[in-house]
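The next block holds one structure in the form of structure tokens; read it before the comments.
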Amino acid sequence: MAKFIPEPYRIKMVEPIKMTTREHREAAIKEADYNLFRLKGEDVYVDTLTDSGTNAMSDAQWSALMMGDEAYAGAKSYFKLVEAAQDIFGYGYIQPVHQGRAAEKVLFPSFLEKGKYAIANLFFDTTRAHVELAGARCLEACNPEASDSSLRAPFKGNMDVARMEEIIREKGPENIGLVVMTITNNSAGGQPVSLQNMREVAALCQKYHIHLNIDAARYAENAMFVKMREPECKDMSIKEIIRAFFDLADTFTMSAKKDTIVNMGGLIGVKDENAPYILKIKANCISFEGFYTYGGLNGRDLEALAVGLYEGLDENWLRYRIGTMEYFGERLDEYGIPYQSPAGGHGIFLDAAKFYPQLPYYEFPGQVLAIELYKECGLRACDIGSYMIGNDPDTGKQLKSINEFTRLAIPRRVYTQSHYDMVIEAINEVWKRRESIRRGYKITWEPPILRHFQASLTPIEE
Ligand SMILES: Cc1ncc(COP(=O)(O)O)c(C=O)c1O
């Protein structure tokens, strides 16, 4: 029987949730043009749209807020944050920004422009957008194991190093502006990257003189997986594993709204404190985010972030976090429900292509399943598949994703086992009636970039 690891914390404050009927939810999703991002939060019972910025802060973080120094320049809170980040990552320069995509926007133009390419083990949607906004194009080299959801491999998030080298040779090393290692690999299902794979990628980057950036949103969950699954790391501390990864890269971009357990914040790190592009980072930060000692954050946000950086590394916390996903996965196994297995670090990625093999990718199976789950129990999840990937920026043609997932991203320290059990029963109800779905959705309006956040959809009539 699946075992739930008890929480390493207790609850001090509660937030009531509105209960809704199926009728109410059917009207609400229609009103939102079948786009879950356009639902009102209060119409959702369990919200797994994202684990980003939806975390519950600790008492230590709430008290740190009171220490926020709101000086425009050179605030005490800035130095406290820089000291914590340098201690953990060992990098010479740390730049706060307001969230992950701001880090991408500020850093990427130093390495990317028209005619250049970025290679990743898979890009997250905003990362892809910022590569394209810088004028460059995205190429991916993900471990092929990631496209077989039933294959239980330990490091499905890895870079396909042979494919990466092929791309470098095809396009010419001088045209590869950036390699991005996403840890954990969100689009592959929150799957981890091994230290061995990171070493191989770094060696290739050195060989061809290519800049290596870590997309570090979930670096702590990745480190816990490495400790659990990579024999050479089993006796290392989480901090030592993190250091081993970051020592191999040149820079990192981080959404701190994930593993750093805050509601808002991001970081850029540069290993070499004398790197010439730090001047450009500061200049871009001043133009887009704010002065470089606050980077679009309040002084109090910098304080909460400095505390969260350490809380996110706590081994008992990470064991519970990964254990929650394992529990969820084992319960789905009991019902034979397909998901990216083994479970990822921050959520469950249901394999919507296996729920609905009757639907082609351009009818968006991942979105269909997300809508069915919302109607069933008020759960909000999202498509991580062809609907999210969107269109080729050059041809305008719908791209086909390597997976059609419906992602349940679990906020940190927010929900309890009974919420998860309710959701698992609802998923099973939707699974049992999967064959009754005959058609998917079509898009009736979409913006040119990051369309899934805003698009309007309508059910395709049979
Ligand atoms: C892997 C990864 N990179 C970048 C981002 C962008 O971060 P943010 O949402 O803070 O802008 C996200 C989050 O959504 C992510 O999961």
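Give the carbon-plus-sulfur fraction of the accessible surface of the chain in %, rounded to a whole number; probe 1.4 Å, heavy atoms of protein chains only.
Ligands and nucleic acids excluded, carbon and sulfur give 52 percent.
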Residue by residue, what Karplus-based ³J(HN,Hα) values in Hz, rounded to whole numbers, does the stretch 221-232 have, using 6.51, -1.76 and 1.60 with θ = phi - 60° and x for Gly and Pro? 4, 4, 5, 5, 4, 4, 4, 6, 10, 10, x, 5
Can you give me the Cα centroid spacing of the stretch 422-442 and the stretch 109-184 in angstrom? 33
According to a simple spin-label model (label point 7 Å from Cα along Cα-to-Cβ), what is the distance in nm between Y208 and K397? 2.4
Å² of accessible area per residue within the stretch 325-432, as computed with a 1.4 Å probe and no ligands counted: 29
For the stretch 284-293, what does the Karplus curve 6.51 cos²θ - 1.76 cosθ + 1.60, with θ = phi - 60°, yield as ³J(HN,Hα) per residue in whole Hz, taken in order and with x for Gly and Pro? 5, 5, 4, 5, 9, 10, x, 3, 6, 8
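If you count only protein heavy atoms with a 1.4 Å probe, what accessible area per residue comes out for the stretch 159-209, rounded to a whole Å²?
Working: 1820 Å² over 51 residues.
Ligands and nucleic acids excluded, the result is 36 Å² per residue.
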Mean separation of Cα contacts under 8 Å, 6 or more apart, over the residue count of the chain: relative contact order %: 23
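Shape verdict for the stretch 76-202, please, from the Cα gyration tensor: rounded (a/c under 1.5), prolate (a/b greater than b/c) or oblate.
Here the stretch 76-202 falls in the oblate category.
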When the chain is fully extended, how far beyond the present Cα-Cα distance does E31 get from E273, taking 0.36 nm per residue of separation? 82.0 nm
Mind running the shape call on the stretch 163-296? Use the C-alpha gyration tensor, a ≥ b ≥ c as the square roots of the eigenvalues: rounded below 1.5 for a/c, prolate if a/b tops b/c, oblate otherwise. oblate
From the backbone phi of the stretch 378-387, what are the Karplus-calculated ³J(HN,Hα) couplings (6.51 cos²θ - 1.76 cosθ + 1.60, θ = phi - 60°) in whole Hz, Gly and Pro given as x? x, 7, 10, 10, 8, 6, 10, x, 5, 4
How far is it, in nm, from the label point at E446 to the one at A283 when both lie 7 Å from their Cα along the line to the Cβ? 3.6
Could you tell me what percent of the DSSP beta bridges with both partners in the chain are antiparallel, to the nearest 5? 60
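Could you work out the relative contact order of the stretch 375-445? I mean the mean sequence separation of Cα pairs under 8 Å and 6+ apart, divided by the number of residues, in percent. Each step should come with its number before you reach the end.
Details: 45 pairs, mean separation 21.0, N = 71.
Reported as a whole number, the value is 30 percent.
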Give me the percent of Cα-Cα pairs in the chain that sit more than 37 Å apart, rounded to a whole number. 22
With each pseudo-label sitting 7 Å past Cα toward Cβ, what's the F79-W62 distance in nm, one decimal? 3.0
With both partners inside the stretch 169-289, how many of the DSSP beta bridges are antiparallel, as a percent to the nearest 5? 45
Considering only the stretch 39-179, percent of DSSP beta bridges that pair antiparallel, nearest 5: 10
Lysines within cross-link reach of K375: Cα-Cα under 16 Å, excluding same-chain residues under 8 positions apart? K18, K30, K40, K432
Computed FRET efficiency, Cβ-Cβ of R152 and R243, R0 22 Å: what is it to the nearest 0.05? 0.15
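The values are calculated or read from the model by the stated rules, or taken from the named source; none is laboratory data. Values in this document were obtained by computation on a predicted structure and should not be read as measured data. Don't worry about glycine lacking a Cβ; one is built from the backbone with ideal geometry, like all the others, and counts go over all protein chains shown. With ligands, DNA and RNA removed, areas are computed over all heavy atoms of the protein, side chains included. Shrake-Rupley method; radii C 1.70, N 1.55, O 1.52, S 1.80 Å.
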